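> Pasting a structure here, questions to come.
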Amino acid sequence: MKRHSAILLWMISSCATNSNGVRATSAESAITVAGARCEGGACTCRGSEGAGDSEGTIAAGQKRFELRTGYGVDPLRVTVEGRGTLVKSVDAGRAQCAYIDLPPGRHKVHLHAQAKNPDAGMAPSLSISEYGERTHSWYDTFRFDCGQNEPCTKDDLNDFIAALAKDSRGIHDPCGSVRVEGVRWSAERSPGTRLEDLDLDLVLDVYPFAPRFPHGQTCKGVSETPQTGDSGE
């Protein structure tokens, strides 16, 4: 009886249910969300009409970020080191979002996607946006969309990485305050050219200064040695 009880306790402690009702191991805890868009661990995605709205008070020394998945029913997980995992519900075809706060520094992000129907392939998507507390503007920190009209292929991924390599600075939104580094992918369970699985890794290098100019303006981008209060112009 004691042995059975110990096994039961181990099973309970090793599993948890996240906000989408998907069970995750203790190594994959539900993502820690922040802000008024989130309640009970679940978040409502912002609309384009709310681009200039305030996100409310953000803790000192932190910056607000949005993680947004694409549409579709293929299983997808996005893990931010130290913040947990956003698990996209396979029961909902809509995009899903999480809003998190990160301090300045380097933060590892890992995306894992798997085709629900391997024969049909998949079209994984992830966008990461930074919120400017002073500008009330959202910045396009990172955009990944693979396979829109056709399923994503390994050639598509190679083209994506090649396009990123053309900008060695890794600054996707020159008016923001984040550099993207170390983008790489693998698809160990995809024997053909069409993706059946995907692991995508990247690092967000969050700078300490606050963006001063709204998204869309002509900005020079994050400098190598930014000064406090400057955003690149």
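> Pairs please, first residue from segment 73-84 and without any contact (Cβ under 8 Å) to a residue 40 or more places away in the chain, second anywhere and surrounded by 17 or more Cβ atoms within 10 Å (Cβ to Cβ), Cβ atoms under 9 Å, 6+ apart in sequence or on different chains.
Hits for this filter: 81/107; 81/109; 82/102; 82/107.
> Select, from 171, 161, the only residue that is among the aliphatic types (A, V, I, L, M) and surrounded by 16 or more Cβ atoms within 10 Å (Cβ to Cβ).
171
> Let me ask another. Would you please list the contacts, defined by Cβ atoms under 9 Å and residues six or more apart or on different chains, that run from a residue in segment 35-47 that is surrounded by 15 or more Cβ atoms within 10 Å (Cβ to Cβ) to a residue that is of a type in the set (Ser, Thr, Tyr) and not in a strand (DSSP E or B)?
Pairs that qualify, where the first residue is surrounded by 15 or more Cβ atoms within 10 Å (Cβ to Cβ) and the partner is of a type in the set (Ser, Thr, Tyr) and not in a strand (DSSP E or B), are 37/44; 38/19; 38/44; 41/19; 41/32; 42/19; 43/19.
> In the set 66, 39, 55, which member is under 17 Å from residue 140 (Cβ atoms), acidic (Asp, Glu) and over 12 Å from the mean Cα position of the chain (by Cα)?
55
> Please determine, by comparing only the residues of segment 69-81 that are of a type in the set (D, E, K, R) and surrounded by fewer than 21 Cβ atoms within 10 Å (Cβ to Cβ), which one is farthest from the chain's Cα centre (by Cα).
Once the filter is applied, the top-ranked residue is 81.
> Just wondering, is there one or more residues in segment 159-171 that are assigned to a strand (DSSP E or B), farther than 29 Å from residue 36 by Cβ and over 19 Å from the mean Cα position of the chain (by Cα)?
The answer is no; no qualifying residue exists.
> Shifting gears a bit: With 116, 154, 108 as the choices, which residue is basic (Lys, Arg), in contact with an Asp or Glu (Cβ under 6 Å, 6 or more places away or on another chain) and over 29 Å from residue 177 (Cβ atoms)?
116
> So, in segment 93-113, exactly how many residues are surrounded by fewer than 19 Cβ atoms within 10 Å (Cβ to Cβ) and either part of a loop (DSSP other than H, G, I, E, B) or at pLDDT below 95 (or both)?
Matching residues across segment 93-113 total 5.
> Across segment 127-157, which residue is modelled with the lowest pLDDT among those that are closer than 26 Å to residue 194 by Cβ and small (Gly, Ala, Ser)?
The residue in question is 147.
For every residue, the table says whether it meets (1) touching a residue at least 40 places away in the same chain (Cβ under 8 Å); (2) of a type in the set (A, V, I, L, M); (3) farther than 22 Å from residue 66 by Cβ; (4) touching a Lys or Arg at 6+ places or on another chain (Cβ under 7 Å).
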residue	(1), (2), (3), (4)
144	yes, no, no, no
158	no, no, yes, no
162	no, yes, yes, no
174	yes, no, no, yes
177	yes, no, no, no
200	yes, yes, no, no
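> Something else: Check 184, 179 and return the single one that is farther than 16 Å from residue 129 by Cβ and under 20 Å from the mean Cα position of the chain (by Cα).
Selected residue: 184, the only one of 184, 179 that is farther than 16 Å from residue 129 by Cβ and under 20 Å from the mean Cα position of the chain (by Cα).
The values are calculated or read from the model by the stated rules, or taken from the named source; none is laboratory data. Here the structure is a predicted model, which is why all the values come from computation and not from measurement. Heads up, the Cβs are rebuilt from the backbone with ideal geometry, glycines too, and the neighbour counts pull from every protein chain shown.
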